[in-house]
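Q: Okay, handing you the structure first.
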Amino acid sequence: MRYFRLLVLGNGISAYGSYLNMVALNVFVYDATGSALAAGLFMAVRLATSVVSGWVSGRLVTAHDRKRLMVGADLCQAVALLTLLFAPDGTRVGLLYALAVVTGGCSTLSQVALRSSIPEIVGAEHRVRANGLLVTGRSLAMIAGFASSGLVVAEFGYSAAFALDAATFLVSATVLYLLPVRTKAPAAGAGSAESSDAARWTARMLLGTAPVLMAMIAIRAVDGLGSSSHNVALPIYSSALDPDHPATFISQFWATWAIGNIVAQQVIGRVTKKSGRTPGERAFALGACVMSAGFIVVFCGLPTVPAVIAALVAGAADGFTEIVYVSRLQTAPDEQRGRLFGLSASAENTGFGLGMLVSGALLERFSPLQVVAAFQGLAIALCVALLLVLVRRGGERDPGDEGKTSADDTGDRDAGDRDAVADDKGGRDASTVTEGRG
């Protein structure tokens, strides 16, 4: 874990650059083109690239060294930003869409590679704690990125924002390159045969032997719909609350949400350490219900204090479910893990992108509360259905219990496959973590 904390620091720095970039680039596109359509197209290109990259990234992280892939992804983003920075003013608009492709693809690749590597970097028994640290680092980075983006652009201009963003990726790449960490399990056979077996095992698992895991991935995709709805609705709702200061409630919401994420990391880390067990599928479904309900309550027109408390609860539940979810996927054998995270990234980005389009259209006719309640209500319905299935299946077993999965830890892939199949058939208690969309 000593090296992992440095990795978290580097990842947090690059995440800060990404959130800064998210604001600065979107505003720059609109300022440079004067067209809301162009700004929307930029976001659409980036999201579409992220969806496609999820499928490709799963194969890449299975076949190649993940540390090199993460370093390369950071360097590619830095080079793309520096190219935009030094390009003549007349060519910048055209380069923006190339930048959207690079950043969308590389950020997804880096995410899939990192999540797939956690059990190899820190050990399977520490993966929940490691995932929690990543959630905390990203939440702090989000607060800093959103809070400073307006100041950086206003005081120093877009060029300074692009240069700072590029620097954060260079720092992250340097930290990753220098850290003596192993990101992939040692190969145990012929590369091509193992890759083919991994592909067949993953397809078999997803189609026939892991209905609960597939349900969790589907819920995360629907969570993406819900996340997009409150992201789009928040500026409208905040403007209605206080037309003179529309940014006030937005800043309160995101700051409180991030604090909730950090609280979740602290709580789940202590509970896991004390009990020796990690939350499983039932905890994931319950947490997702609380998260969606919290987001709905935020838009109910409550006074500031109750609304902020609801945002805190939603943020904590969001962080909790992300940690549980990612940790659950990390229980898969190393050779299948990358493909699972690639599929998950594609599903989540698809849900988020589709939700941005649909919720934006619906908000032309319906109130923010109605739109958010519809999207988040769908997520709650799916979670309740999953809970009912899990209750009917009976008790869960913790895939993170080292005494019960020693075959996985020692590299016995056949035993690991049998454990994973049996767990998915029986509804086992597991742990997880993923990137929170907020």
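The values are calculated or read from the model by the stated rules, or taken from the named source; none is laboratory data. As the structure is a prediction and not an experimental result, all values here were calculated from the model. Neighbour counts are summed over all protein chains in view; Cβ atoms, including those assigned to glycine, are modelled from backbone coordinates with ideal geometry. Quick note on the areas: whole protein, heavy atoms, side chains included, nothing else; ligands and nucleic acids left out. Shrake-Rupley method; radii C 1.70, N 1.55, O 1.52, S 1.80 Å.
Q: Once you charge only the Cβ atoms, +1 for Lys and Arg and -1 for Asp and Glu, what is the size of the charge dipole of region 1-154 about its Cα centre, to the nearest 20 debye?
A: Approximately 480 debye in magnitude.
Q: Output the peptides 356-363, 277-284 sorted from most to least packed, where packing is the average of other Cβ atoms within 10 Å over each peptide's residues.
A: On the way: 356-363: 17.5, 277-284: 24.0.
Packing order, densest peptide first, comes out as 277-284, 356-363.
Q: Based on the mean of other beta carbon atoms within 10 Å per residue, what is the order of 216-222, 320-326, most packed first?
A: With the highest mean Cβ count within 10 Å placed first, the list reads 320-326, 216-222.
Q: How big is region 266-392 along each principal axis, measuring the range of its Cα positions in Å and listing the largest first?
A: Sorted from largest, the Cα extents of region 266-392 read 47, 32, 29 Å.
Q: For Cα pairs less than 8 Å apart in space and 6+ apart in sequence, what is the mean separation divided by the residue count of region 67-146, i.e. the relative contact order in percent?
A: In percent, rounded to a whole number, it is 32.
Q: A follow-up question, please. What is the distance in Å between the Cα centres of region 2-58 and region 218-278?
A: Centre-to-centre (Cα) distance: 19 Å.
Q: Counting only protein heavy atoms and using a 1.4 Å probe, what share of the accessible area of region 271-401 belongs to carbon plus sulfur, as a whole percent?
A: C and S atoms contribute 70 percent here.
Q: In debye, nearest 20: dipole of region 314-384 around its Cα centre with unit charges on the Cβ of K, R (+) and D, E (-)?
A: It works out to roughly 120 debye.
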